[in-house]
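What follows is a short report on a single structure.
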Amino acid sequence: MMAFTDYRFKPFINETLQDIGFVEETKVQKAVISRALIGENLVVESATGSGKTHAFLLPIMQQIDVTKPLVQALILSPTRELAMQLFEVASKFPKNNNDLDIRLAIGGTSREQEIKRFEMSQPHIVIGTVGRILDLAIATNVLKIYTSQIVVIDEADMVLDGRGLEEVDQVLAVIPKPQFMLFSATIPKAMQ
């Protein structure tokens, strides 16, 4: 296993890893981080609790240019609860870099407030449910996801199930040539 310091991450990433007590990568992080950093598209099957969230968050944080006030990464989640968990983990990084803007876009929150906030400025990273992203980015066009360079679909088996695939397709249709990373605890044959 490599230590996280071997990756030569930006200082704020190393500071955050130190704050949360992460020193060595997990198996999934070892398999993913270096490949994600060079822009590979990845489909990753890994159990819940294996460290997959940081496997995609660390490369995203490394690639974000905080001097550009536009959406650079989109993380899709199947549920509000999971999106909130992802946001909570990601929110540890701006504590060491005040210029980093990460926002949550989920149902059950004030749509009008979200619209106003996105009209005023765009985050570097947006984490949300497919339905709310579809609403904000496609229906109202206040969230400018077309500038995203990275798209992560977490728990992809649930996101791409049934009608979800159609909605994800609508969202992704506006993003030209991003790096895709799909993560799931299980990858059924139908999803492959």
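The values are calculated or read from the model by the stated rules, or taken from the named source; none is laboratory data. From a predicted model like this one, the values you see are computed outputs, not experimental measurements. Note that we place each Cβ from the backbone using ideal geometry, even for glycine, and neighbour counts take in every protein chain shown. The accessibility values were calculated without ligands, DNA or RNA, using every heavy atom of the protein model including side chains. Shrake-Rupley method; radii C 1.70, N 1.55, O 1.52, S 1.80 Å.
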First in the range 70-89 and in a loop (DSSP other than H, G, I, E, B), second anywhere and open to solvent by 40 Å² or more (accessible area, probe 1.4 Å), Cβ under 7 Å, 6 or more apart: Leu70/Lys144; Val71/Lys144; Gln72/Asp65; Gln72/Gln149; Pro78/Met158
Residue selected from the range 70-108 under the condition open to solvent by less than 40 Å² (accessible area, probe 1.4 Å) and of a type in the set (Gly, Ala, Ser), by the criterion farthest from Met181 (Cα to Cα): Gly107
So Gln192, is it open to solvent by 40 Å² or more (accessible area, probe 1.4 Å) and either more than 17 Å from Phe56 (Cα to Cα) or at pLDDT below 90 (or both): yes
Residue check, Leu58 out of contact with any strand residue (DSSP E or B) (no Cβ under 6 Å at 6 or more places or on another chain) and within 22 Å of Ile175 (Cα to Cα): yes
Some residue of the range 34-52 being in a helix (DSSP H, G or I), free of Cβ contacts under 8 Å to residues at least 40 places away in the same chain and in contact with a helix residue (DSSP H, G or I) (Cβ under 6 Å, 6 or more places away or on another chain): yes
Scope the range 139-173; condition of a type outside the set (S, T, N, Q), modelled with pLDDT of 95 or more and outside any strand (DSSP E or B); matching residues: Val142, Leu143, Lys144, Ile145, Tyr146
Residues of the range 1-27 classified as β-branched (Val, Ile, Thr) and within 15 Å of Ala90 (Cα to Cα), total: 3
Residue selected from the range 109-128 under the condition in contact with a helix residue (DSSP H, G or I) (Cβ under 9 Å, 6 or more places away or on another chain) and charged (D, E, K, R), by the criterion surrounded by the fewest Cβ atoms within 10 Å (Cβ to Cβ): Arg111
Verdict on Gly131 being open to solvent by 30 Å² or more (accessible area, probe 1.4 Å), small (Gly, Ala, Ser), part of a helix (DSSP H, G or I) and closer than 28 Å to Leu165 by Cα: yes
Selection count, the range 126-177, where residues are closer than 24 Å to Glu88 by Cα and under 17 Å from the mean Cα position of the chain (by Cα): 30
Given (1) part of a loop (DSSP other than H, G, I, E, B); (2) open to solvent by less than 10 Å² (accessible area, probe 1.4 Å); (3) not aliphatic (A, V, I, L, M), index of the condition Phe56 fails: (1)
Candidate set from the range 79-117 (those that are within 27 Å of Asp157 (Cα to Cα) and hydroxyl-bearing (Ser, Thr, Tyr)); member that is modelled with the highest pLDDT: Ser91
